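The values are calculated or read from the model by the stated rules, or taken from the named source; none is laboratory data. Note that the structure is a prediction, hence the values are computed from the model and not measured. Counting neighbours? That spans all protein chains shown, and the Cβs are built from the backbone with ideal geometry, glycine included.
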Amino acid sequence: MKNLRSYSFLIILLLASCKKNTTQQRVQTLSENYNQAWVYRDSSKLDSAYISFSKAKDEYLGRKDSIGFAKSLINMAEIAYLNGDYFGSQELATQVDSYLDSTKKVERELLSSNYNTLGNVSNGLERYEEANTFFKKAILYTKNAAALNLYYNNIGVDLLYLKRYGEAISYFSKSAGDESSSTSAMKLSNIAKAKWQQNPDFNPVPLFKKALSIRLSDNNLRGQNASHAHLADYYMAIKSDSAIIHAYKMYEIAKKINSPDNQLEALQKLIKLSPSEQSKTYFDIYQKLEDSVQTTRSTAKNQFALIRYETEKSKADNLVLQKDNEEKKYQLLFLISGIVLLGTGSIIWYRKRKQRLKLEAENAIRQNQLKTSKKVHDKVANKIYRVISEVENKDDLDRNHLLDQLEHIYNTSRDISYEITDSQQSRTFSQQLSAMFSAYISNTRFVEVTNNEDELWANVPENTKAEIFIILLELMTNVKKHSQATSVKIRFHKNQNIISINYHDNGIGLPKNVIYNNGLKNTETRIKNISGTITFESTNKSGLEILISFAAN
């Protein structure tokens, strides 16, 4: 199915490159970093292009150039997507809307391209309905014929994943182009594929070969690659020698266009179809190429994440430095004008303040001890006594019921213990979260956390932070006890007054009965206590994804 999109990537790059020469309505000057980024992108040096686009983004932000800023974000999002960094791409692309004016023609085309990227990201995450929502938005914002053909094709491809073959054929048929054009070849090839999947008795070969003929005359290597993939798939079950020929041609073309994904797909076909000795050779090539691709993409993902982190950290550091400079300036003026009058008064004030803070601290400790003692008595001791009574007085004791009660008592006591610890810690809330997440990192489990900065939590009430801490603790406990996940990603984001937390792991997912049989059932109650929302999304393929949102103050 991947081959249906191979031609789409080419159009994405062509559309993106057109942005360089578009007449600007609100952009006055180009950035040298932006121009250099396109030099790198045109030569397929995507990691270098990403770095230059990031520099250009900051430069445009300093100029208050919203168009240049948005264009840089769009290109960074596209590059992250092409490198398999779906969540990083999504994070960048979702920032674009607020910087563009949808009433301006040029900016509408940029919005269209950005929605296409969001659609591709959703497709990569196997959220096909969501992907089509974004592609349909992309259609609303463009009048470019090539772009429309691309979006119709993308919608059709996602409908094939959803096995809605009739609708897919309808969207493929909307593509417009001359009979001898690359668009026509893509249209013929995809319609043939859809009809064949809808009806196994349908013979797609004539349409596949007609599309291949057009692509050969146009010297369209990416299109030829897709045609050979389709023919290999069709012949695989009925004519293995023909399937091998097309799979090998696909592999050779994939090497020419430097497409690792298509090389891997072609090698998979050759491994299945070839005699045992030749199959082993292809398998060795496949393993080396797959390892190389994974290493390259992992490196790119980490580099992109580091670039985003360093950019945000630099902004935060600059704000802190500006604040410190302002404070020092006013302190100096204050000292020069009032040093004589305030000298004695400051000493007296300091002594009184020190005594008051000491008294307040002692009272706070005493109140906290009384509160903790009451909680232990009310929430733990009474419940333990009730369980003891049941054990003593019931002959037909339900073991599962008893375990549920003990687990509830354990969670209650643990919550109290965290409240005690948190009230005595001098670390910031961001540091407390980081320490908690670090406790779950092991040789077999990687935990990646982004945007957990002190500024994010600056105005968040203490009761809200306490609830969020316990919720995240429950999620990490689930990772250790149940999910079998080897990778956990947690991203924090603040938009105006709303903080959102995106949690994702690659574990076995979260069956419904788990939510109501362990500590995770408390998360919904806790999030309601702070007027927030929590959404669980679990599939066998992509693990567990949870979205949490709540007001910052």
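Say we look at region 175-228 and pick out the residues that are among the β-branched types (Val, Ile, Thr) and more than 25 Å from ILE139 (Cα to Cα); which of these is surrounded by the most Cβ atoms within 10 Å (Cβ to Cβ)?
Looking at residues that are among the β-branched types (Val, Ile, Thr) and more than 25 Å from ILE139 (Cα to Cα), I get ILE214.
Can SER242 be described as outside the structural domain of PHE135 (by TED's automatic domain parsing), modelled with pLDDT of 90 or more and hydroxyl-bearing (Ser, Thr, Tyr)?
Details: outside the structural domain of PHE135 (by TED's automatic domain parsing): yes; modelled with pLDDT of 90 or more: yes; hydroxyl-bearing (Ser, Thr, Tyr): yes.
Judged against the criteria, SER242 is a match.
In region 178-199, how many are at pLDDT 90 or above and not in a helix (DSSP H, G or I)?
1
Have a look at SER292, SER242, SER274 and point out the one that is surrounded by 15 or more Cβ atoms within 10 Å (Cβ to Cβ), among the polar types (S, T, N, Q), in contact (Cβ under 8 Å) with a residue 12 or more places away in the chain and more than 22 Å from TYR165 (Cα to Cα).
SER274
Taking the condition at pLDDT 90 or above, among the small types (Gly, Ala, Ser), closer than 23 Å to GLU167 by Cα and assigned to a helix (DSSP H, G or I), does SER227 pass? Quick ask: steps written out before the conclusion?
On the way: at pLDDT 90 or above: yes; among the small types (Gly, Ala, Ser): yes; closer than 23 Å to GLU167 by Cα: yes; assigned to a helix (DSSP H, G or I): yes.
In short, yes.
State yes or no: is ALA131 touching a Gly at 6+ places or on another chain (Cβ under 7 Å) and outside the structural domain of LYS489 (by TED's automatic domain parsing)? Quick ask: steps written out before the conclusion?
Details: touching a Gly at 6+ places or on another chain (Cβ under 7 Å): yes; outside the structural domain of LYS489 (by TED's automatic domain parsing): yes.
Judged against the criteria, ALA131 is a match.
Quick one: how many residues across region 92-115 are of a type outside the set (A, V, I, L, M), crowded, with 21+ Cβ neighbours inside 10 Å and under 16 Å from the mean Cα position of the chain (by Cα)?
2
For the subset of region 78-91 comprising residues that are of a type outside the set (S, T, N, Q) and out of contact with any Gly (no Cβ under 8 Å at 6 or more places or on another chain), which member is surrounded by the most Cβ atoms within 10 Å (Cβ to Cβ)? Break it down into steps so the answer makes sense when it comes.
First pass over region 78-91, keeping only residues of a type outside the set (S, T, N, Q): 78-82, 84-88, 91.
Right, trim to out of contact with any Gly (no Cβ under 8 Å at 6 or more places or on another chain) and you get 78-79, 82, 85, 87-88, 91.
Working: GLU78: 28, ILE79: 26, LEU82: 19, ASP85: 25, PHE87: 19, GLY88: 26, GLU91: 22.
Selected residue: GLU78.
Residues to consider are GLU474, GLU448, GLU467; find the one that is acidic (Asp, Glu), touching a strand residue (DSSP E or B) at 6+ places or on another chain (Cβ under 8 Å) and surrounded by 15 or more Cβ atoms within 10 Å (Cβ to Cβ).
GLU448
Would you say LEU125 is outside the structural domain of GLN95 (by TED's automatic domain parsing), crowded, with 16+ Cβ neighbours inside 10 Å and farther than 21 Å from SER102 by Cβ?
no
State whether the residues of region 439-457 include one that is over 22 Å from the mean Cα position of the chain (by Cα), at pLDDT below 90 and assigned to a helix (DSSP H, G or I).
There is no residue in region 439-457 that is over 22 Å from the mean Cα position of the chain (by Cα), at pLDDT below 90 and assigned to a helix (DSSP H, G or I).
From ILE139, ILE169, which residue is surrounded by fewer than 23 Cβ atoms within 10 Å (Cβ to Cβ) and not assigned by TED's automatic domain parsing to the domain that holds ILE67?
ILE169
Can you list the helices (runs of 4 or more DSSP H) lying wholly within region 102-177 that have 1 or more residues being β-branched (Val, Ile, Thr) and under 27 Å from LEU544 (Cβ atoms)?
Numbers: elements: 105-124, 128-140, 145-161, 165-173.
Result: 105-124, 128-140, 145-161.
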